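The values are calculated or read from the model by the stated rules, or taken from the named source; none is laboratory data. Everything quoted here is computed from the prediction, not taken from an experiment. All Cβ positions, glycine included, derive from the backbone under ideal geometry; neighbour counts span all protein chains shown. The protein model used for the area step is the full one, side chains on, heavy atoms only, and it has no ligands, DNA or RNA in it. Shrake-Rupley method; radii C 1.70, N 1.55, O 1.52, S 1.80 Å.
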Amino acid sequence: MTSPSPFLDLPGAVAADGVDAAVAGHYGSFNVEQRRLVSGDGFVDLSHRDVLRVTGPDRLTWLHSLTSQFFEGLAPKVWTQALVLSPQGHVEHHFVGVDDGESFTAHTEPGRGAELVQWLDRMRFMMRVEVTLVDDLAVCWRPGASEEHAGTYDLVPRDRLAAYAEAAGPAAGLMAYDALRIARGEPRLGVDTDHRTIPNEVGWIPSAVHLEKGCYRGQETVARVHTLGRPPRRLTMLHLDGSENRLPAPGSDVLLGDKVVGFVGSSARHHELGPIALAMLKRNVATDVELRVDSIAASQEVVVDPEVGLHVRPKLR
């Protein structure tokens, strides 16, 4: 279990919930914290995320062969994200990392690092690589120049977190971070996805999937849906009725009338948009119908186009 962050000792800090309880949900006002992040000020403590490192001369070629991303020739200091898929194309792991010319260091969801390292270690065979969990680095996030820009991650030695905070500006909690993430339509593995999720459904093409690379596990499903079909489900952003002072519970059914058409994942209160959420819906749900989730009315804003597969039909003679 991840140790509580030292930033939980800051004035006003309130711990987040569930797997995120080791970091702050907010420091007194998530709206003020959001606005600071939008203006490009401050940082978010993500030190509860698991960190892993891949070393060895074959690391990039090896990651290229196993994951959805194009790792061969990856330049140092360029952040990238990748997926590990099942043979059927379902998302099993998502990680974000950077190479420094000697090693590739990545972070993934809290509690999922050991499983990812174990799987990667089993796939080494004769490759000159080593994979380890890292406990002396913490993940922090700094905003970009605008709300639409996802910002950047920093890997900070845990014994330097206090100095980092002093230089980076005021801390913002996970509630502010999630509100901006949801508004950008960025899913979180295990919250906005389930065991059936394929990358095409949640907008991880092309951010975490490179479509012009060699074979990797699960590629056939990704390519077939991308070029010949449409994903069976689609990620959407819900604008929730704000008359009730609450957010839907993660995993709650999304209803069209009395029919279950999906489930809700992340939700938050955005400083401009109001209460919003990400939901996985059946592809054939019309984009203009009103839905209900946890007894809350919701309208849709498209994240993944329900007709996405039709836009890339191959030319057949």
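Backbone phi angles across the range 245-251, fed through the Karplus curve with coefficients 6.51, -1.76 and 1.60 (θ = phi - 60°), yield HN-Hα couplings of 7, 7, 10, x, 5, x, x Hz in residue order; Gly and Pro are listed as x.
Here, the range 3-75 yields an orientationally averaged convex hull projection of 7.6 nm² when only Cα atoms define the hull.
Per residue, the chain reaches -5000 deg cm²/dmol at 222 nm when only DSSP H runs of four or more residues are counted, each adding -39500 (n - 2.57). With one equal scatterer per alpha carbon and no solvent term, the Debye-computed log10 I(q)/I(0) for the range 10-159 at 0.09, 0.15, 0.17, 0.21 1/Å reads -0.33, -0.85, -1.03, -1.37.
Stretching E244 away from D194 to a fully extended chain increases their span by 15.3 nm, per 0.36 nm per residue minus the current alpha-carbon distance. Qualifying chymotrypsin sites (Phe, Trp or Tyr not before Pro) in the range 33-127, where qualification requires a DSSP coil assignment and no more than 10 other C-beta atoms within 10 Å, comprise F125. Of the whole protein surface, T67 contributes about 0 Å² of accessible area at a 1.4 Å probe radius. Spin-label model, E72/S295: points 7 Å from Cα along the beta carbon direction are separated by 5.7 nm. For the chain, the residue among P143, I205, L133 whose Cα projects farthest onto the positive side of the dipole built from Cβ charges is I205. Over every Cα atom in the chain, the radius of gyration and the widest Cα-Cα span, Dmax, amount to 19.9, 67 Å. For S86 and S39, the difference between the fully extended length at 0.36 nm per residue and the C-alpha to C-alpha distance is 12.9 nm. Volume of the convex hull of the range 118-191 (Cα atoms only), normalised per residue: 152 Å³. For the range 50-133, the mean projected area of the C-alpha convex hull, equal to one quarter of the hull surface, is 4.9 nm².
Using a simple spin-label model with pseudo-atoms 7 Å out from Cα toward Cβ, D121 and L211 lie 3.7 nm apart.
Based on C-alpha pairs under 8 angstrom that are at least 6 apart in sequence, the chain has a relative contact order of 18 percent. Shape class of the range 186-317 from the Cα gyration tensor (axes a ≥ b ≥ c, square roots of the eigenvalues): prolate, since a/c reaches 1.5 or more and a/b is larger than b/c. Where both residues lie in the chain, what percent of DSSP beta bridges are antiparallel, nearest 5? Expressed as a percentage, antiparallel bridges in the chain total about 95. Estimated at 0.36 nm per residue, the fully extended path between A163 and L133 surpasses their Cα-Cα distance by 8.4 nm. For the range 82-205, dividing the convex hull volume of the Cα atoms by the residue count gives 143 Å³ per residue.
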